[in-house]
1. Give Lys182/Lys255; Lys89/Lys217; Lys182/Lys203; Lys27/Lys89; Lys98/Lys254; Lys182/Lys217 a once-over and call out the pairs whose C-alpha atoms are over 29 Å from each other.
2. What share of Cα pairs, in percent, lie more than 30 angstrom apart in segment 5-186?
3. Give the separation of the Cα centroids, segment 160-202 to segment 218-246, in Å.
4. Among the complete DSSP H segments of the chain, which ones combine at least 30 Å of alpha-carbon extent along their axis with a mean Kyte-Doolittle hydropathy of -1.0 or more?
5. Taking 0.36 nm per intervening residue step and subtracting the Cα-Cα distance, what contour gain separates Glu8 from Glu26 on full extension?
6. Report for segment 5-186 the percent antiparallel among DSSP-assigned beta bridges with both residues inside it, nearest 5.
7. What distance in nm separates the simple spin-label points at Ser240 and Asp137, each placed 7 Å from Cα in the Cβ direction?
8. Just Ala30, Ala75, Ala159 to compare: in a GNM of the chain, with alpha carbon springs under 10 Å, which one fluctuates most?
Amino acid sequence: MSERILIERPEAYGGAVQIIRFNRPEKMNAFTQAMYGTMVEALQSAEADDTVRVHVMLGTQGCFTAGNDMQDFLAYAISGRISEGEVGKFLTALASLKKPLIAGVDGLAIGVGTTLNFHCDLTFATPRSEFRTPFVDLALVPEAASSLLGPMAMGHQRAFAMLAAGIGFSAEEARDAGLIYKVVGEEELESETLAAAANIASKPPQAMQLARDLLRKTTRDAAIVRMNEESALFTERLSSPEARAAFEAFMARKKKA
């Protein structure tokens, strides 16, 4: 799956910055199980390598990710083992990171494309970016511990608007809500994101990890517990009549489009 998820450790940064680049633009960078698996391996490998000091996630021009590839996801979801699969492993890996995580978002950030930012230490986004989570629209529930981290970061009403009502947030709204750090121009997104990564990588690594751990210590274990709760409900909802009807309607609209 290397052509769909590109893993880079540029020599310009001495290998201290690992870039995970979503590279499936023809499908709006929608994630398959195999793509999740590649990202899990990359995160775990970098966490175990003392040379790497910071993780960076980027999409392609005009699109971060549309979230899950629905056909691939539904084919796997019927197994009823969501938490044991690559999606669950990816979300657990995000919540368990010891090294800083930075994202650069340009364009659509749907579903997990939004919720992964709750696990980022810095997110840069362009003005044309949109953050949206259609979980309830599909008769499902929030994931990635967003039901815990969302209200903590944004307050109840903004979290409800995003995670329950499914209202999309612009980059400016996401910044004001505390989901992202900074809005930058489209031409500057990658350079700003990587400059921030290089700055973090230049800091004393043990002190940086300790500082990050202190900032996240109270939420890390709770996030994993909440992920497990969300996953159980998510799996239960997948077999509900509501979800079947919602997915059938979604696939029909997609086919018509």
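1. Lys182/Lys255; Lys98/Lys254
2. Summing the P(r) of segment 5-186 above 30 Å gives 12 percent of all pairs.
3. 25
4. Details: long enough: 205-238 (43 Å, -0.46).
Once both thresholds are applied, what remains is 205-238.
5. 4.4 nm
6. Among the beta bridges of segment 5-186, antiparallel pairing accounts for roughly 25 percent.
7. Distance between the two pseudo-spin positions: 1.8 nm.
8. Judging by the Gaussian network model, the answer is Ala75.
The numbers here are math on the coordinates, done by the rules we state, and not lab data. Remember, predicted model here, so these are calculated numbers, not experimental data. Counting neighbours? That spans all protein chains shown, and the Cβs are built from the backbone with ideal geometry, glycine included.
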